[in-house]
Amino acid sequence: PGLTQLQPKVLMIEDDPLALFTAQQIWQQVDVELQMHTATNLHEAKQLLDVIKFDLVISDLGLPDGRADNIVIEIKQNEQHPNYQTPMVALT
């Protein structure tokens, strides 16, 4: 068997179920196999971000338990964090 190509890991943080579903549908149209992870609040996101190295993080800015920019600031201030260099995009 040949080498398997690694799938990019993407974290989508979104508390609105319809917006999350829509984003997942759009990503399915992209001609790239992804490992899509989702979180509906900052607590869930932090649990994932602390243990999984993502290739991209896309987040709603306003979440039920805080603002996404707070977690981005926390991660970007810690060079030892697994997602220190991960591109992060906040949407509203």
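The values are calculated or read from the model by the stated rules, or taken from the named source; none is laboratory data. This one's a predicted model, so the numbers in the text were calculated from it and none came from an experiment. No Cβ is skipped: glycine too gets one built from the backbone with ideal geometry, and neighbour counts run over all protein chains shown. Keep in mind that these areas ignore ligands, DNA and RNA; they rest on the heavy atoms of the full protein, side chains included. Shrake-Rupley method; radii C 1.70, N 1.55, O 1.52, S 1.80 Å.
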- request: With the condition kept exactly as written, say whether any residue in the stretch 50-71 is touching a strand residue (DSSP E or B) at 6+ places or on another chain (Cβ under 7 Å), small (Gly, Ala, Ser), modelled with pLDDT of 95 or more and assigned to a strand (DSSP E or B).
  value: no
- request: Might you check whether a residue that is touching a Ser or Thr at 6+ places or on another chain (Cβ under 9 Å) and of a type in the set (A, V, I, L, M) occurs anywhere in the stretch 24-31?
  value: no
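Every residue in the stretch 44-60 that is in contact with a Ser or Thr (Cβ under 8 Å, 6 or more places away or on another chain) and surrounded by fewer than 14 Cβ atoms within 10 Å (Cβ to Cβ), please.
Of everything in the stretch 44-60, just one residue is in contact with a Ser or Thr (Cβ under 8 Å, 6 or more places away or on another chain) and surrounded by fewer than 14 Cβ atoms within 10 Å (Cβ to Cβ), namely 53.
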field: Residue among 35, 24 that alone is open to solvent by 40 Å² or more (accessible area, probe 1.4 Å), within 14 Å of the chain's Cα centre (by Cα) and under 18 Å from residue 92 (Cα atoms)
entry: 24
task: For residue 86, indicate whether it is under 24 Å from residue 6 (Cβ atoms) and surrounded by 15 or more Cβ atoms within 10 Å (Cβ to Cβ).
output: yes
